[in-house]
Structure formats: structure tokens, C-alpha cells
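Have a look at the structure below before the remarks.
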Amino acid sequence: MGQHTGALRRITRVRGAAPAALLAATLAACVAVPPPAPLQPSQTSAEFSARRLGALAQLPPASAGWDRSQWLAAALQLNPQLAEGRAAVAAAAAAERTAAEHPNPNMELFAEYVTNAAQSAAWLYGLSLDFLLHQPGTRARERERTQLETALAQSDLADSIWQVRAALRQALLDAVSSQDEARLLDSLTVERQALVEGDRRRVELGELDRAQLLTDQLELARARQRQQQSQARRNTAVALLAAAVGVPAAALNEVPLRWDSWAAIDTLPDSAPGRWRDQALIGRPQIVRALREYDLAELGLKNAAAQRWPQLHVTPAYAWGSGGAREDSLEDIAQESAVGVSFELPLFNQHQGPIGEAVARRTAAGEHLKAVQADIFAQIDRAELAWPAARAAWDGARQAADISARQSVRAGQALAAGDGERSDALTARIGATEAQLTVLEAAHTAQVAFGELEDAYRRPLEGAESRLAGSAAPQSPDTAGRRS
């Protein structure tokens, strides 16, 4: 501590209780910590396994059958990934309080053995405090940085919510379409079984070649295989739906899955307003996140540039001790005070390296924003082109199904009038059922394309969720929490 003893000495009187008070305050701050909160994987696993869809806030019983908006409301309450995202937002927001705090001084306790000019020795005891004097604007930039970090976490949460919504919509679509497909496949299997039995009798009577019987038996086997595949798709869809909501698959065992008129593709809008495209290109969560990253890079450049100015440390020190062996009390050391100032000397560099790095990071952040926007542009283009084509394909399949249905009706009427064969009527009914399955498949494809259009815009375009479009729609950068 030569820098303290080398300062001008002056005789004063200081109360000895001051160092003790500082020490007591330091110790009190050290013991004020939150209690531990250990986690047990076995306990959290058991809690998740016990989750069910009952008693959720503002939702009717799941046994009554939920629409898509109600499934989404349940996912918002139960999905673990969304809970993690909300916790990440809270953690980022907590850093804003830290950034607003003034830094605590560092305290150093020391003991020093001194000798005066008369060779009288004494022990000198003291303490020093190191205060950091922030550069102008440092705390403001640090607070802005933490606010931007919070905005980043909020953008990630918003995107996670939409990803959960999209996964939930797709899983529910797969589940209900598999249910409807299963009913048609059951009818198809019955019809093909009846055709095979009729063919077997005709073969026995010599009215039909055995090759035709083998062909019809093969088609029956394929129909049964399609039944199994449809059931497997439904099981997978139910598991994915449970995962999107945040419950085990067993929680959906007694829950009816419905989506009224999901196959009515003609009720969906032909196209979306052009303003939604523009809003998506500037306000999707990925765009907002890229903007926040650019703001952080800009802030990093400001911090790097500020380092060109010295950052001061002010260190006041106080010491006290006995006067040694001399009799002259005027030469005794009662107390010593000193003040030290330290700062960096820019002898070897002027922080041009960190400044150059910050400029490069800002440039990279700007290019990243453009790349994200280009990807969204391409996604919107693909979705806007795919949706009309899928809708037209569904319309064509429906027209073909209408023709098959009329043929089936005529074949049935001819059989009833005694002018047709039973096998012809069965073949016509099978054709009509196959046509309905084609319509169902085309409807599923169209719904997937429509969901991709919603994903591109990041907003629901129809159904009960569209009432929430104002809150779920992409926001412009100014309304998404950008802070200057």
C-alpha cells in the first residue's frame, strides 16, 4: 500500500466504529440469498405423466370436444417449451434491473508496518475503497442492451407460440382426416369383400376367369393394408397433438377429436389481402429478432468506441495506528488519508481492433436481416402459388367424385330393375368410394397448403382463431418492442 502511505499525512480523529459498520453491512449482504430449489427428474417425470386436460382455466371440459382455438388455449397453459420461453423472457427482463444498478465499490483491508524518521516503528491499519466512475452514457447503453436482450427473448417466444400452433393444427388435421378416411376405408373393405365373394361364386359357375378373382383379392388386401396405415397415421397424429398441447398421449384417450367441416375447402378464402404479405415481410418474429440483433451490434459498436476514452477508478484510503516508541505525540501517527486515481494509458493501441470487430459484426447483422427477409419472401411466394393449385386439385377431385357417385346410382337402379349385374353395381360403388377417398386426400393436401399460407403470414386466416388475429398477427418493428 505504498501509494496510500506516500500521500500527504494529516492528523485527524476518526471513530473506530466506521470500519466495523462497513464490515457488518458486507456480511449482511452476503447471507441474503434465495433458498435452494433442487429438481428431481423422477418427480418431474411423474408430474408430467399425471397431466390431464381437466380443470383448465377458461376452457370447457375436454370431453365435450374442443375446437382449434380451445386446443391452442390449452397448449398455451400446458406446453413445456412455451413455459421455458416465458421463463427465458423473465430471466432476460431480470437483467434490466441489474443494468440499472450502480456498481458497488471494492473494499480492501490492509495492515502496514511503518517507520518514522526517528526510527520509531508502528503498525498501521486501514482500508481502501475503489469506486468505478462510469463514462457518460455507459449505464444507459447497458440498460438498452438488456432491453434488447428481453426483446430478443420475446421474439423467440412469439415464434415458439406460432410453431406450437402450427404443429397443433397439423396434428389435429391428420387425426380428423384419418378418422374420416377410416370410415371410408371400412366401407371400401366391405364392398371389396362382397365383390370377391361374388367373383368366387361366378368362378365356381365358370362365368368368370380366375385371374379376375385374384385381381379383386389383391385389391381387397390393399384396402385392408390402407386401413392399417390409416390407423397408424391417426396414432402418430394423436401423439403429436398431445406433444403440442403438453400432455402425455394417454391424456387424449377419452377426448373426442373434431374439426367441423375441415374438408369443406370451398369455404376457405381464395387469397389473402396484400397488406398481410407486407406486414409479414417486416413484422414476423424472425424479422423482429434480426432487427434486435442489429441493434445489439450497433450498441456494441458504441461501447467499443467509448473505450477510446479513459475509464477512471477513484480509490480513497484511510489508515490508523499507534504512535510507536517516540515520546513526542505530535509525531505519532493517529490517522492517514489518501486518494488514488487510476486509468488506462492508450500507449500500444487505441482500441481500433475491438472497434473494427464491432463494425464487422454490425455489417454481418445487417446481411443476416436481409437473408431472413429473403427467406420469408420465398416462403410467402411458395405458399401463395401452392394454395390455389391445391384448391383447384380438390375441386377437380370433387367433380370426378360427383360423376362416380352418379354412375353408382345408375348401376344400383339398373340392378334393382333387373337390367344389370350385381358385380357391376359393386364395382360402381367401389369406384364412388375410391373417388371419395381421393377427394379426402385432396382436401388434406389443400388444408396443408392453406396451413403453409398461414405459416408464411404468421396469422390465422379462418376459423375461431381468426378472432384473435389482432394479437397473433405479425407486428411492425415499432410495435414489437424496439427501443432506441
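Do we find that LEU347 is at pLDDT 85 or above and over 30 Å from GLU112 (Cβ atoms) in this structure? In short, no.
Please determine whether any residue of the stretch 439-446 is over 30 Å from GLN373 (Cβ atoms), at pLDDT 95 or above and surrounded by fewer than 19 Cβ atoms within 10 Å (Cβ to Cβ). Yes - at least one qualifying residue is present in the stretch 439-446. Only one entry in LEU109, LEU152, LEU133, LEU148 is surrounded by fewer than 17 Cβ atoms within 10 Å (Cβ to Cβ) and within 30 Å of ARG308 (Cβ to Cβ), namely LEU133. Across the stretch 228-236, a minimum of one residue is classified as part of a helix (DSSP H, G or I), in contact with a Ser or Thr (Cβ under 7 Å, 6 or more places away or on another chain) and not basic (Lys, Arg).
Residues LEU205, LEU195: which one is in contact (Cβ under 8 Å) with a residue 12 or more places away in the chain and either touching a Cys at 6+ places or on another chain (Cβ under 6 Å) or among the aliphatic types (A, V, I, L, M) (or both)?
LEU195
Hey, could you check the stretch 317-333 for residues that are surrounded by 16 or more Cβ atoms within 10 Å (Cβ to Cβ) and in contact with a Gly (Cβ under 9 Å, 6 or more places away or on another chain) and say which is modelled with the highest pLDDT? The residue in question is ALA317. Just one residue in the set VAL164, VAL176 is over 30 Å from GLU434 (Cα atoms), β-branched (Val, Ile, Thr) and buried (at least 18 other Cβ atoms within 10 Å of the Cβ); that residue is VAL164. On inspection, LEU53 qualifies as buried (at least 18 other Cβ atoms within 10 Å of the Cβ), touching a residue at least 24 places away in the same chain (Cβ under 8 Å), closer than 19 Å to GLU254 by Cβ and out of contact with any strand residue (DSSP E or B) (no Cβ under 7 Å at 6 or more places or on another chain). Take the residues of the stretch 340-358 that are within 26 Å of ASP130 (Cα to Cα) and small (Gly, Ala, Ser): which is surrounded by the fewest Cβ atoms within 10 Å (Cβ to Cβ)? The qualifying residue surrounded by the fewest Cβ atoms within 10 Å (Cβ to Cβ) is SER342. Taking the stretch 411-429 as the range and being part of a helix (DSSP H, G or I), over 19 Å from SER187 (Cα atoms) and of a type outside the set (Gly, Ala, Ser) as the test, the residues that pass are GLN413, LEU415. Considering the stretch 237-254 alone, what residues qualify as being assigned to a loop (DSSP other than H, G, I, E, B) and crowded, with 19+ Cβ neighbours inside 10 Å? Answer for the stretch 237-254, where residues must be assigned to a loop (DSSP other than H, G, I, E, B) and crowded, with 19+ Cβ neighbours inside 10 Å: GLY246, VAL247. Within the stretch 191-226, being surrounded by 14 or more Cβ atoms within 10 Å (Cβ to Cβ), in a helix (DSSP H, G or I) and of a type in the set (A, V, I, L, M) holds for ALA194, LEU195, VAL196, VAL203, LEU213, LEU220, ALA223.
Within the stretch 375-387, residues that are of a type in the set (Phe, Trp, Tyr) reach no partner that is in a helix (DSSP H, G or I) and surrounded by fewer than 14 Cβ atoms within 10 Å (Cβ to Cβ) with beta carbons closer than 8 Å at six or more positions or on different chains. The set of residues in the stretch 88-112 being without any contact (Cβ under 8 Å) to a residue 24 or more places away in the chain, within 30 Å of ASP156 (Cβ to Cβ) and either in contact with a Cys (Cβ under 7 Å, 6 or more places away or on another chain) or outside any helix (DSSP H, G or I) (or both) consists of GLU101 alone. Residues in the stretch 356-406 that are more than 21 Å from TYR457 (Cβ to Cβ) and either of a type in the set (D, E, K, R) or within 25 Å of the chain's Cα centre (by Cα) (or both): GLU357, ARG361, ARG362, ALA364, ALA365, GLY366, GLU367, HIS368, ASP395, ARG398, ASP402, ARG406.
The values are calculated or read from the model by the stated rules, or taken from the named source; none is laboratory data. It should be emphasised that the depicted structure is a prediction, and the values quoted were computed from it without experimental measurement. Neighbour counts are summed over all protein chains in view; Cβ atoms, including those assigned to glycine, are modelled from backbone coordinates with ideal geometry.
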